[in-house]
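Input: a single structure, listed below in structure tokens.
The values are calculated or read from the model by the stated rules, or taken from the named source; none is laboratory data. Quick caveat, the model's predicted, so the values are computed rather than measured. Here the Cβ positions follow ideal geometry from the backbone for every residue, glycine too, while neighbour counts run over all protein chains shown.
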Amino acid sequence: MSTLWTRRSVLTAVGAGAAAALGIELVRNEDWSRAFVDGAERLTLRTQRLILAKRPLAREFSQAEVSAHFPVNGSRVAPGADYQRMVESGFRDWRLRVHGLVRQPLALSLQDLKRLAMRSQITMHACDEGWNAIGQWGGVPLGLLLTMAGVVASAKYVVFHCLDKKDSNGEFYYESLDLFDAYHPQTILAYEMNGKPLPVGHGAPLRLRVETQIGYKNAKYVDRVEVVDRLTGFGKGRGGWWEDSDNALWYAGQ
Ligand SMILES: Nc1nc2c(c(=O)[nH]1)N[C@H]1C(S)=C(S)[C@@H](COP(=O)(O)O)O[C@H]1N2
Ligand SMILES: [Mo]
């Protein structure tokens, strides 16, 4: 009953005129309560579509446009003997962990990830240091992993923990997204670049591709995805390594 009243008050607040503009029929019959629920559901759908309409897909390119040279920037390798051993074993014992505010934490091998639906996209990477390059990325949609893990209602952000420690402040590289960008269809955890396994320089075994945002948001060497309700408690609390150390913008949309 409380849900019904909430939904009903939403519709009342929006008003019949606005509802009509959104294409919602305010059906009046003996089953009025059901009509309100259906209308409210369509209102939610329409509102989401309107928001998404302003955030279209990032441009995708053709195979012929892929850059012959794609620079390696930032870390070129994750340091340490453990990482070297992982590279040598083809990341056999490596697991991607998805944990935090989820109902079902996940630990997935590279093989497990490759068995899931793959999305492939050819996009332009733009680094704020003044270069860009076009590459093909193949990987698992982050939204699929979040759905598998079952994000709980209080969740707001997704934090990506990386294997590379940066010398200047000794902190591991990390990044974060809100759930909107996390569920964006082009947001993937890529294990493939230009049709081949992701090279070490570009973040093997797994890197984030978030095509709605610029260079540094695209975390390399990701091995842990943590669903959280706040960004305090990680680094200086600004949501990423560059955000903490160089006042880079947390929302680096392009
Ligand atoms: N873990 C990690 N991710 C990172 C970085 C890094 O140093 N460490 N550098 C970032 C920056 S500034 C850019 S431009 C891209 C570079 O990705 P590339 O090496 O594949 O070109 O990765 C981003 N992700
Ligand atoms: Mo960058």
Inset, instruction - Would you be able to tell me the number of residues in region 144-171 that are free of Cβ contacts under 8 Å to residues at least 40 places away in the same chain and among the hydrophobic types (A, V, I, L, M, F, W, C)? - result: 2
Legend entry - Of residues in region 217-233 being within 14 Å of ligand 1 (Cβ to nearest atom) and not in a strand (DSSP E or B), the one farthest from residue 96 (Cα to Cα): 217
Legend entry - Qualifying residue in region 210-231 (condition: free of Cβ contacts under 8 Å to residues at least 40 places away in the same chain, of a type outside the set (A, V, I, L, M, F, W, C) and farther than 18 Å from residue 183 by Cβ): no
Inset, instruction - Specify the residue that is nearest to ligand 1 (Cβ to nearest atom); the eligible residues are those in region 35-65 that are at pLDDT 95 or above and more than 22 Å from the chain's Cα centre (by Cα). - result: 65
Inset, instruction - May I ask you to list the residues in region 118-148 that are within 21 Å of residue 223 (Cβ to Cβ), more than 16 Å from ligand 1 (Cβ to nearest atom) and not basic (Lys, Arg)? - result: 118, 140, 141, 143, 144, 145, 146, 147, 148
Legend entry - strands (runs of 3 or more DSSP E) (entirely within region 107-214) containing at least 3 residues that are within 16 Å of ligand 2 (Cβ to nearest atom) and not polar (S, T, N, Q): 119-127, 131-141, 157-165, 172-178, 207-209
Inset, instruction - Return the only residue of 133, 68 being farther than 30 Å from residue 230 by Cβ, assigned by TED's automatic domain parsing to the domain that holds residue 204 and over 23 Å from the mean Cα position of the chain (by Cα). - result: 68
Inset, instruction - Please specify each residue of region 77-89 satisfying the condition of being exposed (fewer than 13 other Cβ atoms within 10 Å of the Cβ) and in a loop (DSSP other than H, G, I, E, B). - result: 80, 89
Inset, instruction - Quickly run through region 235-253 and pick out the residues that are buried (at least 23 other Cβ atoms within 10 Å of the Cβ) and not in a helix (DSSP H, G or I). - result: 239, 240
Inset, instruction - Considering each residue of region 78-104, count those that are touching a Phe, Trp or Tyr at 6+ places or on another chain (Cβ under 7 Å) and within 19 Å of residue 196 (Cα to Cα), and give that number. - result: 1
Inset, instruction - Please tell me if residue 72 is within 16 Å of ligand 2 (Cβ to nearest atom), in contact with a helix residue (DSSP H, G or I) (Cβ under 8 Å, 6 or more places away or on another chain), closer than 24 Å to residue 126 by Cβ and at pLDDT 65 or above. - result: yes
Inset, instruction - Tell me, please, whether a residue that is under 25 Å from residue 244 (Cβ atoms), within 12 Å of ligand 1 (Cβ to nearest atom) and surrounded by fewer than 19 Cβ atoms within 10 Å (Cβ to Cβ) can be found in region 171-189. - result: yes
Inset, instruction - Go through the residues of region 217-234 one by one and say whether even a single one is modelled with pLDDT under 95, more than 22 Å from residue 72 (Cα to Cα), more than 15 Å from ligand 2 (Cβ to nearest atom) and surrounded by fewer than 22 Cβ atoms within 10 Å (Cβ to Cβ). - result: yes
Inset, instruction - For residue 169, state whether it is in the same structural domain as residue 117 (by TED's automatic domain parsing) and at pLDDT below 95. - result: yes
Inset, instruction - Please name all residue pairs, on different chains or six or more residues apart, with Cβ atoms under 8 Å, provided the first residue is in region 119-140 and is without any contact (Cβ under 8 Å) to a residue 24 or more places away in the chain and the second residue is hydrophobic (A, V, I, L, M, F, W, C) and assigned to a strand (DSSP E or B). - result: 132/124; 132/126
